[in-house]
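Throughout, read-outs are computed from the coordinates displayed, never taken from laboratory work. This structure is a prediction, so every number in the text was calculated from the model and none was measured. Every residue, glycine as well, gets a Cβ built from its backbone with ideal geometry; the counts of neighbours run over all protein chains shown.
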Amino acid sequence: MAEMQVHTEPPVAGAASPTPKGPEANAKAQSEAASPAPAAKQQARGPSLHQIYALPAPIRTFPLPAFYPNNPVSLLHIAYAWFGQVFRPPPAEPAVIHHGVWSETTISVHIKDEKSMRALWEQGFYGKGNLSRSEPNWLKREQVQRGLQEAHVSEIFTQQRREERAQAKWERARLEQEAILKTKLDEERLAASRAVEEQEAKKKAQEARERQEAAVLKTPLPPLAPVGPLELLALPNSAVVSLPVPAPAPVPSFAAPVGPLQILALPNSAADIVKLTAKAAIKSKANGTLTLSSHHGSSTDESEEPRTPITTDSPELYRDDRSVDSSSDGTGNMKLQRRKSVRFSPTVESATYKATDPPSPNRSPPVSLSQPSQTNGQGKPNGQALPQLPSASVLVSDPIINKEHLQLMPEEAFFLSFGLGVLEVTDPASGRVLSRQDLFRLFRQYSYFPPRNGPDEPDLEPDDGFLVHYAVYHHFRSLGWVPRAGIKFGVDWLLYARGPVFDHAEFGLIVIPSYSDEWWKKQGKQGPRKPWSWLHSVVRVLSHVTKSLVLVYVDVPPPHKFDEALKTGAAEAMKLYKVREVMVKRWSSNRNR
């Protein structure tokens with residue numbers, strides 16, 4: 001961290017600035033100089049990323065200083081460091097052994113100790129948090145969300161960016177809708193103005209036509225020749241004779257029917273239906289009850305279901321043309337046939353909730369429902385009360401228990417145990433620490449699906465998924481790369497130069513077993529065949545995220561050589577695997593002709 005220096009410029013000559021003099025002015029100037037300016041105050045920050053992730057592996061090394069031929073003093077420096085390590089040897093490494101538990105469900109090794117989780121992540125980026133994207137920072141994220149800590153969390157920052165992008169998209173869609181609406185309004189306004197203009201043009205044409213017709217009417221017409229007896233009698237020298245004019249025939253007027261009696265009184269209705277309707281009305285007023293008969297379809301048999309008397313003021317009978325049909329049985333009795341009927345039970349049962357169920361995060365905290373709120377049909381409480389739900393509010397002062405653990409892939413766990421010796425894996429069933437040979441066989445068994453862990457299962461083969469992938473993982477880890485799972489981009493591994501905290505992955509690896517040995521050729525064993533369309537799709541996905549595709553071919557040894565080397569140890573067996581890399585570049589038809 002570079003220290004901030006405050007430079008004061010000398011006063012400009014000729015500037016009219018009053019300078020107070022005296023002991024009070026000197027004391028004030030000294031106090032202002034002693035207290036830093038608000039802009040110069042720096043906010044307290046934690047260590048930088050280079051300090052946090054200074055160790056590339058969970059072990060410490062003590063190398064000798066570099067030698068410079070043009071500087072003889074560097075030779076003295078090397079001699080001093082060498083003698084210091086001889087007489088004061090450094091502590092044995094690894095100094096810290098981490099402990100993990102094998103999980104058969106997730107086929108991974110779980111690290112639950114918080115110090116081990118942070119150490120394995122900060123010293124090589126091993127594993128993944130089960131409640132986080134990659135870095136196990138669930139506890140830190142909870143503290144930031146509760147306001148207990150002010151820090152930068154990648155998941156929260158990513159969520160904020162997604163919300164901002166969603167808000168920007170929504171705003172863009174709103175502006176587009178407003179522009180579309182404005183265009184429609186302009187078009188409607190233009191169409192309305194055109195309609196008004198057309199109406200005015202039609203009105204003017206009509207007025208011109210009327211003026212022309214009026215002018216024609218005002219022009220005197222020549223006398224017409226008489227063509228009938230009336231015209232002849234209307235001549236000046238004729239006698240006036242009055243002829244009888246017949247009266248117009250009266251037009252019959254009909255009133256629109258407004259009730260059932262008027263409808264039944266139409267010319268085409270039967271008179272007996274009117275009489276039956278009047279008798280049924282008088283009978284219902286006298287008795288105060290109606291008879292209801294339920295019929296299905298067009299059946300008229302009254303013996304299917306007995307009639308049920310229902311009072312006229314019953315809430316279940318709605319005297320509406322849409323729900324009740326009226327008919328007569330021919331004997332003068334009125335029957336009402338219901339079309340649809342919906343009945344509700346007078347007792348409403350309360351819903352049951354478990355007290356252990358968490359409240360929904362999209363709802364407000366539940367209100368206490370200890371008092372009975374349901375009533376029966378008579379307005380009285382039914383005696384059943386809803387249980388009181390637990391409150392969804394969490395006190396800020398409650399301690400936060402870290403529920404996250406670090407998950408190590410089988411390749412990562414075996415590299416930490418076999419390659420560095422900093423990890424011990426425990427079997428949860430027996431509670432014993434698994435040896436490297438047991439761990440090696442366990443990971444090989446679970447690389448198949450279903451796992452080959454029974455006595456009747458077939459023997460393990462030298463081309464199983466764990467051996468092939470671990471050869472690639474160990475190869476690139478020894479070269480200083482940081483391999484991590486690449487299922488997100490459709491590849492087997494992603495290669496980081498320093499780690500996911502510093503930069504993005506540069507390469508995507510696809511592991512392909514190769515059977516180049518003569519023994520495999522005699523057996524007719526061939527590697528997996530993939531179409532060119534699959535390869536182009538993978539290259540296209542990686543090119544969109546600025547990554548290069550690398551095909552990693554692993555030469556698999558024959559079984560007899562592998563079994564013989566495995567008797568000596570896992571190290572001798574892994575030496576038989578050879579790794580070859582092939583860089584693949586996307587080929588475009590318009591660019592690479």
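In a shell of Cβ-Cβ distance under 12 Å around Val216, excluding Val216 itself, what net charge do Lys and Arg (+1) and Asp and Glu (-1) give?
Working: positive: Arg209, Arg211, Lys218; negative: Glu210, Glu213.
Residues near Val216 contribute +1 overall.
For the listed residue pairs Lys169/Lys488; Lys522/Lys561; Lys525/Lys561; Lys182/Lys203; Lys488/Lys547, the alpha carbons are over 21 angstrom apart in Lys169/Lys488; Lys182/Lys203. Inter-label distance, Ala497 to Glu207: 8.4 nm, where each label sits 7 Å from its Cα along the C-beta direction. A Förster radius of 51 Å, combined with the Cβ-Cβ distance separating Val96 from Glu178, puts the computed FRET efficiency at roughly 0.25. Starting from the Cα of Lys522, move 7 Å in the Cα-to-Cβ direction to define the label point; list residues of the range 545-581 whose amide nitrogen is under 13 Å from there. Residues passing the 13 Å test: 558-561. In this simple spin-label approximation, Gln262 and Ile52 carry label points 7 Å from Cα along the Cα→Cβ vector, and these lie 8.7 nm apart. In this structure, the amide hydrogen of His98, modeled 1.01 Å from its nitrogen in the peptide plane, lies closer than 5 angstrom to those of Leu423, Glu424, counting only residues at least 5 positions away or on a different chain.
Testing the spin-label approximation: label points 7 Å from Cα along Cα→Cβ at Gln199 and Glu104. State their distance in nm. Label at Gln199, label at Glu104, 8.6 nm between them. Using R₀ = 35 Å, calculate the FRET efficiency as 1/(1 + (r/R₀)^6) where r is the Cβ-Cβ separation of His77 and Arg118; round to 0.05. My answer for the efficiency is 0.55.
The local environment of His98, defined by Cβ-Cβ distances under 9 Å, has a net charge of -1 under the rule Lys, Arg +1 and Asp, Glu -1. Show the residues, 5+ positions off or on another chain, whose built amide H is closer than 5 Å to the amide H of Phe507. Residues meeting the criterion, in which the H sits 1.01 Å from N, are Leu495, Ser548.
With a Förster radius of 60 Å applied to the beta-carbon distance between Lys561 and Glu171, the computed FRET efficiency rounds to 0.35.
For the range 530-542, backbone phi angles converted through the Karplus equation (6.51, -1.76, 1.60; θ = phi - 60°) give residue-by-residue couplings of 10, x, 5, 5, 5, 5, 5, 5, 5, 5, 5, 4, 5 Hz, Gly and Pro being listed as x.
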